[in-house]
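Let me begin by presenting the structure, written as structure tokens, before commenting on it.
The values are calculated or read from the model by the stated rules, or taken from the named source; none is laboratory data. The shown structure was predicted, so the numbers you read here are calculated from the model rather than taken from an experiment. Cβ atoms come from the backbone with ideal geometry, glycine included; neighbour counts cover every protein chain shown. Keep in mind that these areas ignore ligands, DNA and RNA; they rest on the heavy atoms of the full protein, side chains included. Shrake-Rupley method; radii C 1.70, N 1.55, O 1.52, S 1.80 Å.
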Amino acid sequence: MQVPENIRIHPSWYSVLEPEFHKPYMGDLREFLRQEKQAGKTIFPPGGQIFNAFNSTPFDQVKVVILGQDPYHGAGQAHGLCFSVMPGVRVPPSLRNIYKEMESDLGIVAPDHGCLQPWAEQGVLLLNATLTVEERKAGAHQGRGWEQFTDAAVHALAEQREGLVFVLWGSYAQKKGGFIDQRKHLVLRGPHPSPLSAHRGFFGTRPFSKANSYLQSRGVAPIEWALPAAGALRRVAVEI
């Protein structure tokens, strides 16, 4: 299926989500974003990276889904993958806790950066519920239509694929993925890794080893969770 030039999304995902782009809510969302930019507001991530999760992890290559809520709203942070920041940006607190659990679970020492692009390219869909945000205004684009779009993506994966791992951290993600059939997929639930809630049981949940054990039990190659050092990262392109 040919992807229209004005929609920067992987063809595999466009073939699944194409009907969503023709629904009224998406037209309203496009107009909202246009007006926000016209008003001089800065929106993150840059335009070419809004669909980075979909472009980095094609529909038929998804193995693990990690659900987030909003992009980071600080300058230079967001690049379209939940919990991930651009190379050279300070690692956010939630991601530091994710790294701590990764080290406890697998013995992998935290990298010197917060870019999770290598996970995405291995089949980890790092999907925020809302794909854009206004600079320094957390949640500014909630309720504008993105949630309906990302709901459609999660439903498509849950219904059209089998044997995926869904990682649902915190009540928001658990509600968004509450419909997933656990007879078809592995669903890992736990507290959010935020410093506000990680102490409530996030640590010790071992999501990384559990995900890999499940994938291997189905004959699927596991995720290499260890991330390369910042100097070895392939450049993450910024397209505005």
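Tabulated data for the structure shown
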quantity	calculated
Single condition GLN148 does not satisfy, out of (1) of a type outside the set (Ser, Thr, Tyr); (2) touching a helix residue (DSSP H, G or I) at 6+ places or on another chain (Cβ under 8 Å); (3) under 20 Å from GLN61 (Cβ atoms)	(3)
Selection count, segment 175-203, where residues are among the polar types (S, T, N, Q) and either over 26 Å from ALA221 (Cα atoms) or touching a residue at least 24 places away in the same chain (Cβ under 8 Å) (or both)	2
Residue that is nearest to the chain's Cα centre (by Cα) [pool: residues in segment 163-187 that are outside any loop (DSSP other than H, G, I, E, B) and closer than 18 Å to ASP60 by Cβ]	PHE166
Identity of the residue in segment 96-107, open to solvent by 40 Å² or more (accessible area, probe 1.4 Å) and in contact (Cβ under 8 Å) with a residue 60 or more places away in the chain, that ends up nearest to PHE44 (Cα to Cα)	LYS100
Restricting segment 196-239 to residues that are surrounded by fewer than 18 Cβ atoms within 10 Å (Cβ to Cβ), modelled with pLDDT of 95 or more and touching a Lys or Arg at 6+ places or on another chain (Cβ under 9 Å), the residue that is farthest from GLY88 (Cα to Cα)	VAL220
Boolean, THR150 is in contact with a Leu (Cβ under 9 Å, 6 or more places away or on another chain) and free of Cβ contacts under 8 Å to residues at least 60 places away in the same chain	yes
Output for segment 71-88, where each listed residue is at negative phi and either in contact with a helix residue (DSSP H, G or I) (Cβ under 8 Å, 6 or more places away or on another chain) or open to solvent by 40 Å² or more (accessible area, probe 1.4 Å) (or both)	TYR72, HIS73, ALA75, GLN77, ALA78, HIS79, LEU81, CYS82, SER84, VAL85, PRO87
Close pairs (7 angstrom Cβ cut-off, 6 or more residues apart or separate chains): without any contact (Cβ under 8 Å) to a residue 60 or more places away in the chain in segment 5-18, among the acidic types (Asp, Glu) anywhere	SER12/ASP60
Condition met for HIS192 (more than 16 Å from the chain's Cα centre (by Cα) and assigned to a loop (DSSP other than H, G, I, E, B))	no
Candidate set: segment 112-130, residues that are at pLDDT 95 or above and open to solvent by 10 Å² or more (accessible area, probe 1.4 Å); chosen: the one nearest to SER94 (Cα to Cα)	ASN128
Residues satisfying the stated conditions in segment 34-54, i.e. surrounded by fewer than 18 Cβ atoms within 10 Å (Cβ to Cβ) and in a helix (DSSP H, G or I)	ARG34, GLN35, GLU36, LYS37, GLN38, GLY47, GLY48
Hits in segment 59-70 - residues which are assigned to a loop (DSSP other than H, G, I, E, B) and open to solvent by 10 Å² or more (accessible area, probe 1.4 Å)	LYS63, GLN69, ASP70
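Matching residues to (1) of a type outside the set (D, E, K, R); (2) open to solvent by 20 Å² or more (accessible area, probe 1.4 Å); (3) over 19 Å from PRO207 (Cα atoms):
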position	(1), (2), (3)
VAL109	yes, yes, no
HIS141	yes, no, yes
TRP169	yes, no, no
GLN174	yes, yes, no
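To keep it simple, each residue is scored yes or no on (1) free of Cβ contacts under 8 Å to residues at least 40 places away in the same chain; (2) over 26 Å from VAL220 (Cα atoms); (3) touching a Gly at 6+ places or on another chain (Cβ under 7 Å); (4) in a loop (DSSP other than H, G, I, E, B).
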{"site": "MET86", "(1), (2), (3), (4)": "no, yes, yes, yes"}
{"site": "SER94", "(1), (2), (3), (4)": "no, yes, no, no"}
{"site": "PRO118", "(1), (2), (3), (4)": "no, no, no, no"}
{"site": "LEU125", "(1), (2), (3), (4)": "no, no, no, no"}
{"site": "LEU131", "(1), (2), (3), (4)": "no, yes, no, yes"}
{"site": "GLN142", "(1), (2), (3), (4)": "no, yes, no, yes"}
